[in-house]
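Peer 1: Just dropping this structure here.
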Amino acid sequence: GGERAQHAVLALTFTLLAYSGFALKFPGHWWGAPFEWLGGEAFRRWAHRGAALAFTGLSVWHFAYLTASRAGRARLKALLPVRRDLTDPFSLLGYNAGILRKPPLMARFSYIEKAEYWALVWGSGVMFATGAVLAFDSASLRNLPLWAIESGRVVHFMEAVLACGAILVWHGYWVAFDPEVYPMSWAWLTGRVKLGKGGENR
């Protein structure tokens, strides 16, 4: 229940951050019209910052879950990289290419879930740091050179593009378009997973 609630908040805040962020970057486009109806540039800015604040709260919640609960600590341990995470991608590639007769028998969290999770952790750190530089612009201008602020702006935007691409392509395939789970994996709603042909989490 707690993990599904965290996932729901993550999905909502990520979507709002992406939508409001790109609307801020590209104002005046038709897909950003709802922000114009609700107050224009000022509303877009506060919607983005409000979503960022909610995302920060979620991060604190998730960290507390990982460190203060037995279930969270078990999840964290299961998500740590192990040696087989270096070989399973090649085994799966060999199976998909018809070289191997059987796919690798993957753990509850395979390299797929681990790559997504740690990319989210890393990306969140980048967005927190660069977002803070941009949000607290007066303090940034007083204490940082202009090139650092402009670099933060570029990195913030490019990380947003990368994150959205990863969600649409990588995450989208494994939880929706993979033939073994199509039309979607229901784990995000039910909390239960099924095994694929290789025994991996689906």
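The values are calculated or read from the model by the stated rules, or taken from the named source; none is laboratory data. All figures in this text were calculated on a predicted structure; none of them were measured in a lab. Ideal geometry is used to build each Cβ from the backbone, glycine not excepted, and the neighbour counts take in all protein chains shown. Please note that ligands, DNA and RNA were not included when accessible areas were found on the heavy atoms of the full protein model with its side chains. Shrake-Rupley method; radii C 1.70, N 1.55, O 1.52, S 1.80 Å.
Peer 1: Rounding to the nearest 10 and keeping the result within 0 to 90°, find how far the Cα-based axis of helix 146-165 lies from the longest principal axis of the chain.
Peer 2: 40 degrees
Peer 1: Taking amide H positions as placed in the peptide plane 1.01 Å from N, state which residues far from Leu100 in sequence (5 or more) or on other chains have amide H under 5 Å from it.
Peer 2: Residues meeting the amide H criterion: Tyr95.
Peer 1: If you don't mind, another one. Say R0 is 30 Å: what FRET efficiency, to the nearest 0.05, do Ala148 and Val60 get from their beta-carbon distance?
Peer 2: 0.70
Peer 1: Hull surface divided by four, with the convex hull built on the Cα atoms of the range 46-116: how many nm²?
Peer 2: On the way: hull surface 26.8 nm².
Over all viewing directions, the range 46-116 projects a mean Cα-hull area of 6.7 nm².
Peer 1: Where Rh is the Kirkwood radius over the Cα pairs of the range 112-163, the temperature 37 °C and the viscosity 0.692 mPa s, what D in µm²/s does Stokes-Einstein return? If you can, show how the numbers build up before the last one.
Peer 2: Numbers: Rh = 11.6 Å.
For these conditions, the coefficient is 282 µm²/s.
Peer 1: On C-alpha positions alone, give me the angle between the axis of helix 84-96 and the longest principal axis of the chain, in degrees, nearest 10.
Peer 2: 70 degrees
Peer 1: Kindly provide log₁₀ I(q)/I(0) values, in the same order as q = 0.07, 0.13, 0.15 Å⁻¹, from the Debye equation applied to equal alpha-carbon scatterers of the chain.
Peer 2: So the normalised log intensities are -0.27, -0.86, -1.07.
Peer 1: Trypsin sites (Lys or Arg not before Pro), restricted to the range 1-87: which are DSSP loop and have at most 12 other Cβ atoms within 10 Å? Walk me through the numbers before you get to the answer.
Peer 2: Details: sites: Arg4, Lys25, Arg44, Arg45, Arg49, Arg70, Arg73, Arg75, Lys77, Arg83, Arg84; in loops: Arg83.
The qualifying sites are Arg83.
Peer 1: Per 10 Å bin, what is the whole-percent P(r) computed from every C-alpha pair distance within the range 19-59?
Peer 2: Cα pair-distance distribution for the range 19-59, in percent: 33, 49, 17, 1.
Peer 1: For the range 1-71, what is Rg from Cα atoms divided by 2.2 N^0.38 Å, rounded to two decimals? Spell out each step's value before the answer.
Peer 2: On the way: Rg = 14.9 Å, N = 71, 2.2 N^0.38 = 11.1 Å.
Cα Rg divided by the expected 2.2 N^0.38 Å: 1.34.
Peer 1: Relative to the longest principal axis of the chain, what angle (0 to 90°, nearest 10) does the C-alpha long axis of helix 41-68 take?
Peer 2: Helix 41-68 sits at roughly 40 degrees to that axis.
Peer 1: Please work out the average accessible area per residue across the chain, using the 1.4 Å probe convention, and give it in Å².
Peer 2: Details: 13250 Å² over 202 residues.
Per-residue accessible area for the chain comes out at 66 Å².
Peer 1: Give the carbon-plus-sulfur fraction of the accessible surface of the range 53-200 in %, rounded to a whole number; probe 1.4 Å, heavy atoms of protein chains only.
Peer 2: On the way: 7190 of 10050 Å².
Result for the range 53-200: 72 percent of the exposed heavy-atom area is carbon or sulfur.
Peer 1: Here's something else I'd like to know. Convex hull volume of the Cα atoms in the range 90-202, per residue, in Å³?
Peer 2: Details: hull volume 14.5 nm³, N = 113.
Normalising the Cα hull of the range 90-202 by residue number yields 128 Å³.
Peer 1: Net charge near Phe136: determine it from the other residues with C-beta under 13 Å of the C-beta of Phe136, scoring Lys and Arg +1 and Asp and Glu -1.
Peer 2: On the way: positive: Arg49, Arg142; negative: Asp137.
Surrounding charge for Phe136 is +1.
Peer 1: When the helices in the chain are scored as -39500 (n - 2.57) per DSSP H run of 4 or longer and the sum is shared across all residues, what 222 nm value do you end up with, to the nearest 500 deg cm²/dmol? Intermediate values should be presented prior to the final figure.
Peer 2: Details: 9 runs with 137 residues, N = 202.
One gets -22500 deg cm²/dmol as the mean residue ellipticity at 222 nm.
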